[in-house]
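One structure is given below, encoded as structure tokens.
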Amino acid sequence: MASIVPVFVPHAGCPCRCVFCNQRTIAGQTESMTPERAEEILRQALEVLPAGSCPQAAFYGGSFTAIPVEQQEALLAVTDRYREAGLLSSVRLSTRPDAISPECLTRLKAHGVTIIELGAQSMEDEVLRQAKRGHTAADTLRASQLIQNAGISLILQTMAGLPGDTRETVRRTAERVAALHPDGVRIYPVAVLPDTELYDLWQAGSYQPLEVDTAAEWCADMLGVFEREQIPVIRVGLNPTEELGSTVAAGAYHPAMGELAYSALWYRRLKRQLEAGGDSTVFVPARELSRAIGHKRCNLLRLRQEFPERSITIKPIQHRREP
């Protein structure tokens, strides 16, 4: 997989402020992005990456296609120069569902954009309304189809624990996202950040954020849907940074959120297997062993408690070597 060089454009192009959003904290960046700064970021990244790595540039943190076209063109002109010099492979970007049109997709393809990450967040209109997203689930459907018809890879970003969410609405969102057949998804359980409306709602007692363990269960529901439909999950949880970890006020933030969610999913699988009379020694793929055992061996300990009559062990599958 090619390396990605992130170029953050926090809040750029966003026509409204979502209740949960503080992109400057998430990105760890306060200044606006300029072509000069974008060029500096790319140059510095290429200096430390292995020679010939040819990474992908990624415009993250805002709604790129809602930025004035002149500003988009100025930033893409920078990546054009690096692509033409053989130093970048392509470009990816994140944007809003209601900021996609056939015209903009034609223009983006000409600038080497091969992946668009679409901030769907939820496929429930009432949840989107309460989150003040400013778009509908129908906008996500329309934009997804346009992106796929244009031959651009589609990644859909989802959230769990927004105002108005329930475990059922989150699962329905996963089902509706899966029905769009994206090339990948991201799952972000909600973390409450200062300088957001969600923080004020939480302080006023009008919003109850998910606890980490509950968020792991809800995310496991989503993982189960995406796994069933063979849709790759790129990430679960915000990318942990020292600044973010010290800033999150409440909610479902954990530096190993993805591992917790996958562990919750593995617990369900193992319990079903044992309930069906499976062997007490359970074999799992070696790469999944730590997830199956669980954080601090929580899955193994829980299963042993629930099946006290059995000596449960979880071991990696040993592949036979060819003679």
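Which of the residues spanning the range 149-174 are crowded, with 16+ Cβ neighbours inside 10 Å and in a helix (DSSP H, G or I)? Scanning the range 149-174 gives THR169, VAL170, ARG171, ARG172, THR173, ALA174. Quick check on the range 159-168. Is at least one of its residues touching a residue at least 12 places away in the same chain (Cβ under 8 Å) and polar (S, T, N, Q)? For the range 159-168, residues touching a residue at least 12 places away in the same chain (Cβ under 8 Å) and polar (S, T, N, Q): absent.
A Cβ distance below 9 Å, combined with a sequence gap of six or more or placement on separate chains, defines the contacts here; from the range 126-138, residues that are closer than 18 Å to ARG176 by Cα and in a helix (DSSP H, G or I) reach residues that are open to solvent by less than 60 Å² (accessible area, probe 1.4 Å) and basic (Lys, Arg) in the pairs VAL127/ARG133. Applying a threshold of 6 Å to beta carbon distances and a minimum spacing of six or more residues, or different chains, the list of pairs starting in the range 175-198 at a residue that is under 17 Å from VAL212 (Cα atoms) and ending at one that is of a type in the set (D, E, K, R) and open to solvent by less than 40 Å² (accessible area, probe 1.4 Å) is empty. Going residue by residue through the range 286-307, is there one that turns out to be more than 18 Å from ALA220 (Cβ to Cβ), touching a residue at least 24 places away in the same chain (Cβ under 8 Å) and out of contact with any Leu (no Cβ under 8 Å at 6 or more places or on another chain)? Yes, the range 286-307 contains at least one residue that is more than 18 Å from ALA220 (Cβ to Cβ), touching a residue at least 24 places away in the same chain (Cβ under 8 Å) and out of contact with any Leu (no Cβ under 8 Å at 6 or more places or on another chain). Quickly run through the range 240-261 and pick out the residues that are open to solvent by 30 Å² or more (accessible area, probe 1.4 Å) and in contact (Cβ under 8 Å) with a residue 60 or more places away in the chain. Matches in the range 240-261: THR241, GLU243, THR247, TYR253. When the range 276-322 is limited to residues that are of a type in the set (Asp, Glu) and within 22 Å of ASP213 (Cβ to Cβ), the one that is least open to solvent (accessible area, probe 1.4 Å) turns out to be GLU288. If you go through the range 85-99 and pick out every residue that is surrounded by 19 or more Cβ atoms within 10 Å (Cβ to Cβ) and within 22 Å of the chain's Cα centre (by Cα), you end up with 9.
Every listed requirement among (1) under 22 Å from the mean Cα position of the chain (by Cα); (2) open to solvent by less than 50 Å² (accessible area, probe 1.4 Å) is met by TYR82 save one, (1). All conditions but one from (1) within 30 Å of SER246 (Cα to Cα); (2) in contact (Cβ under 8 Å) with a residue 12 or more places away in the chain; (3) over 24 Å from the mean Cα position of the chain (by Cα) apply to GLU40; the one that does not is (2). Of all residues in the range 219-278, those satisfying the criterion of being under 23 Å from VAL192 (Cα atoms) and assigned to a loop (DSSP other than H, G, I, E, B) are GLY237, LEU238, ASN239, PRO240, THR241, VAL248, ALA249, ALA252, TYR253, HIS254, PRO255, ALA256.
Please verify whether the range 50-60 includes one or more residues that are aliphatic (A, V, I, L, M), at pLDDT 95 or above and open to solvent by 10 Å² or more (accessible area, probe 1.4 Å). No: the range 50-60 contains no residue that is aliphatic (A, V, I, L, M), at pLDDT 95 or above and open to solvent by 10 Å² or more (accessible area, probe 1.4 Å).
Output the residue which, of all residues in the range 200-239 that are within 16 Å of the chain's Cα centre (by Cα), in contact (Cβ under 8 Å) with a residue 60 or more places away in the chain and open to solvent by less than 60 Å² (accessible area, probe 1.4 Å), is farthest from ARG17 (Cα to Cα). Checked the range 200-239; the qualifying residue farthest from ARG17 (Cα to Cα) is MET222.
The values are calculated or read from the model by the stated rules, or taken from the named source; none is laboratory data. On a predicted model such as this, the values are computed, not experimentally measured, just so you know. Neighbour counts are summed over all protein chains in view; Cβ atoms, including those assigned to glycine, are modelled from backbone coordinates with ideal geometry. Just so you know, the surface numbers come from the protein's heavy atoms only, side chains and all, with ligands and any DNA or RNA stripped out. Shrake-Rupley method; radii C 1.70, N 1.55, O 1.52, S 1.80 Å.
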